[in-house]
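Chemist: Once you've had a glance at the structure underneath, I'll fire off some questions.
The values are calculated or read from the model by the stated rules, or taken from the named source; none is laboratory data. Here the structure is a predicted model, which is why all the values come from computation and not from measurement. All Cβ positions, glycine included, derive from the backbone under ideal geometry; neighbour counts span all protein chains shown. Heavy atoms of the whole protein, side chains included, go into the accessibility calculation; ligands, DNA and RNA do not. Shrake-Rupley method; radii C 1.70, N 1.55, O 1.52, S 1.80 Å.
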Amino acid sequence: MEYFVIIIASIFVNNIVLAQFLGICPFLGVSNKVETSLGMGAAVTFVMAISSIVVYLLQYYVLVPLNIAFLQTIAFILVIAALVQMVEIILKKVSPALYQALGIFLPLITTNCAVLGVAILLVQKEYNLLESVVFAVSTAIGFTLALVLFAGLRERLELADLPKAMKGTPVALLTAGILAMAFMGFSGLV
Amino acid sequence: MKSSLINMVMVLFLITLVCAAAIGGVYELTKEPIDAAKQAKQIAAISEVLPSFEKVGIPQEKSVDGDVVKIYEATSGGKVVGYAVETFSKNGFGGTIRIMVGFKADGTISGTSVISHSETPGLGDKIDKSKSDFSKQFEGQNPETFKLGVKKDGAGDVDAITAATISSRAFVDAVNRAYQQVKPYMED
Amino acid sequence: MSNLKIFTKGFVKENPTFSLLLGMCPTLGTTTSAVNGMSMGLATMFVLILSNIVISLIKNLIPDKVRIPAFIVVIATLVTLLQLFMEAYVPAIYETLGVFIPLIVVNCIILGRAEAFASKNTPFKSALDGAGIGVGFTFSLTLLGAAREFLGSASLFGHKFEALQPYGMLIFVLAPGAFIALSYLMVLFNKATAKIK
């Protein structure tokens, strides 16, 4: 039950993009096509799942016992950056096909604040290891969902006849606002 | 500078070393102000809900319903003047609500103050004193006679916030939890 | 480029929010009121100026291949220092801004300026660049915060307008309002700068 609540809450109610404003850069930048959005979403899910485990172990088996929890920010970002590099290298060797699909998105993920954000949040919410992983994966699914929905809307928007000043980012933001409104309907679900 | 392996390792190591030292130093420097700030916040929350007192003791922590209720005993001239109870409810519309409830020595509620909540702005957040008078109806009431339940539910004497019954219920739930925990202290 | 130009280009021409579309997460996430937006802007400016200075001081010591990791370490350190200072001296603001303070580390503006400007210029010019971009960012955030606060809760910098209270449109303080308010501010910005360009 506990896990179910975490899943629903992080996919719909507290959607990381539309309610928490994390990962806006790829949301606005990458989401022009449904296909690329799916690719980005898959890459983020992959990295978030692994990084949640690593960050959990780092926090509770290194930082807390050594009493250096104040180094959290610096330790997390370095671990995430290294992890993304490692994932990229391993993927290239082990599964070239998957690398082909996700490869171009991986370097972008280091500066995706959603990944670091989730790492900090799961410590803040005092989740245990399994909860952390569930939280990370469902947050990433929420991210993918927002990205794909948004890409679908934007593919159509390109055909719309708009005032010049409205074209591009402004109308994208407006659409995101309406999407965020729709997602507000989920609040109170858990 | 040239990117030889030794160079790279040395430079990164040095940078990390300097950075770690800087953070460590500042951490030691800010440790006291951070603790002081946390304590000041706690004291401020307590004095908001209790009438004047001289000092508060170390809180008694009680584990109930999967969380902790903290009871602070406030004394004046060695005499107990009241209890401040840090309590919670998990039934909020947006998750857990944490409030501080002050009880006078005779069990009368002297005040409440919201510590943290994630209720909907404009509706549920009216549990906060600065947003509406909802929480003021508890002041001066003794839960012995003032039934802690929402009037609309037929469960008690509390007027719920319009369009935010769930938040109101959760608030009442938290106050009730505080009262149940602090009750044994009153009877001594 | 003259020093004055380095400083002022961040205001409009390279305004991080409206022109370059960088640092969108804190822009949308922290601007529920003018004061919150301004605090976030100032916090970012603090890190931006210092990171620009430090990076331009050590730029010649860093081997090219480990440039980015070295920059990230410097930025993360400065952010941690900021966190400690804020927790000690302005705990209320620290709590309101929450997770967005540590997330300054991954704010593209900072790494972007380090890479594009500080790693090629003198410390003084880099400081000016950081200050200019920082002012531009703070201004944008304050403006967005003020717009949302005024429309959403009919107040400005915490000052309530009693007569307008019943007309506050709550949606602007909530998540969708952030997107919508920024969208319209951007339209106004585009309109205003279209003539200059």
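Chemist: Which number in (1) under 25 Å from C:Leu97 (Cα atoms); (2) more than 11 Å from chain C (Cβ to nearest Cβ); (3) in contact (Cβ under 8 Å) with a residue 40 or more places away in the chain marks the one condition that A:Glu126 misses?
Modeler: A:Glu126 satisfies all of (1) under 25 Å from C:Leu97 (Cα atoms); (2) more than 11 Å from chain C (Cβ to nearest Cβ); (3) in contact (Cβ under 8 Å) with a residue 40 or more places away in the chain except (3).
Chemist: Right, something else. Can you name the helices (runs of 4 or more DSSP H) wholly within region C:1-102 that have at least 3 residues being more than 11 Å from chain A (Cβ to nearest Cβ) and in contact with a Phe, Trp or Tyr (Cβ under 8 Å, 6 or more places away or on another chain)?
Modeler: Where helices (runs of 4 or more DSSP H) fall fully within region C:1-102 and carry at least 3 residues being more than 11 Å from chain A (Cβ to nearest Cβ) and in contact with a Phe, Trp or Tyr (Cβ under 8 Å, 6 or more places away or on another chain), they are C:34-58.
Chemist: Now for a separate question. Out of region A:152-173, which residues are over 21 Å from the mean Cα position of the chain (by Cα), among the hydrophobic types (A, V, I, L, M, F, W, C) and within 13 Å of chain C (Cβ to nearest Cβ)?
Modeler: A:Leu157, A:Leu162, A:Ala165, A:Met166, A:Val171 - these are the residues of region A:152-173 that are over 21 Å from the mean Cα position of the chain (by Cα), among the hydrophobic types (A, V, I, L, M, F, W, C) and within 13 Å of chain C (Cβ to nearest Cβ).
Chemist: Just wondering, is there one or more residues in region C:167-177 that are within 11 Å of another protein chain (Cβ to nearest Cβ) and open to solvent by less than 10 Å² (accessible area, probe 1.4 Å)?
Modeler: yes
Chemist: For residues that are within 11 Å of the chain's Cα centre (by Cα) and assigned to a loop (DSSP other than H, G, I, E, B), tally how many sit in region A:21-56.
Modeler: 3
Chemist: Among the numbered conditions (1) touching a helix residue (DSSP H, G or I) at 6+ places or on another chain (Cβ under 8 Å); (2) open to solvent by less than 20 Å² (accessible area, probe 1.4 Å), tell me where B:Gly82 comes up short.
Modeler: The number of the failed condition is (1).
Chemist: Please work out which residue is nearest to C:Pro16 (Cα to Cα), limiting yourself to region C:59-70 and to residues that are surrounded by 19 or more Cβ atoms within 10 Å (Cβ to Cβ) and among the aliphatic types (A, V, I, L, M).
Modeler: Per the criteria, the residue is C:Ala70.
Chemist: Here's something else I'd like to know. Name every residue in region C:26-38 that is under 9 Å from the mean Cα position of the chain (by Cα) and open to solvent by 10 Å² or more (accessible area, probe 1.4 Å), in order of residue number.
Modeler: Matches in region C:26-38: C:Pro26, C:Met38.
Chemist: Looking at (1) more than 15 Å from the chain's Cα centre (by Cα); (2) more than 8 Å from every other protein chain (Cβ to nearest Cβ); (3) open to solvent by less than 20 Å² (accessible area, probe 1.4 Å); (4) touching a residue at least 60 places away in the same chain (Cβ under 8 Å), find the lone condition where C:Phe189 falls short.
Modeler: It is condition (3) that C:Phe189 fails.
Chemist: In the list B:Ile166, B:Ile97, which residue meets the criterion of being in contact with a helix residue (DSSP H, G or I) (Cβ under 6 Å, 6 or more places away or on another chain) and either of a type in the set (Val, Ile, Thr) or open to solvent by 30 Å² or more (accessible area, probe 1.4 Å) (or both)?
Modeler: B:Ile97 is the lone residue from the list that is in contact with a helix residue (DSSP H, G or I) (Cβ under 6 Å, 6 or more places away or on another chain) and either of a type in the set (Val, Ile, Thr) or open to solvent by 30 Å² or more (accessible area, probe 1.4 Å) (or both).
Chemist: Checking A:Gly29 against (1) open to solvent by 20 Å² or more (accessible area, probe 1.4 Å); (2) of a type in the set (Gly, Ala, Ser); (3) in contact (Cβ under 8 Å) with a residue 12 or more places away in the chain, which single condition isn't satisfied?
Modeler: It is condition (3) that A:Gly29 fails.
Chemist: Given C:Ala70, C:Ala43, which one is closer than 21 Å to A:Phe70 by Cα, out of contact with any strand residue (DSSP E or B) (no Cβ under 7 Å at 6 or more places or on another chain) and free of Cβ contacts under 8 Å to residues at least 40 places away in the same chain?
Modeler: The conditions single out C:Ala70.
Chemist: Does A:Val133 satisfy the criteria of being at pLDDT below 85 and open to solvent by 30 Å² or more (accessible area, probe 1.4 Å)?
Modeler: no
Chemist: Consider B:Val49 against the criteria (1) touching a helix residue (DSSP H, G or I) at 6+ places or on another chain (Cβ under 7 Å); (2) under 22 Å from B:Arg169 (Cα atoms): it satisfies all of them except one. Which criterion is unmet?
Modeler: (1)
One line per residue, one yes/no per condition, for (1) hydrophobic (A, V, I, L, M, F, W, C); (2) out of contact with any Asp or Glu (no Cβ under 9 Å at 6 or more places or on another chain); (3) assigned to a helix (DSSP H, G or I):
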site: C:Lys120; (1), (2), (3): no, yes, no
site: C:Phe124; (1), (2), (3): yes, yes, yes
site: C:Asp129; (1), (2), (3): no, yes, yes
site: C:Gly132; (1), (2), (3): no, no, yes
site: C:Phe139; (1), (2), (3): yes, yes, yes
site: C:Leu151; (1), (2), (3): yes, yes, yes
site: C:Pro176; (1), (2), (3): no, yes, yes
site: C:Tyr184; (1), (2), (3): no, yes, yes
site: C:Ala192; (1), (2), (3): yes, yes, yes
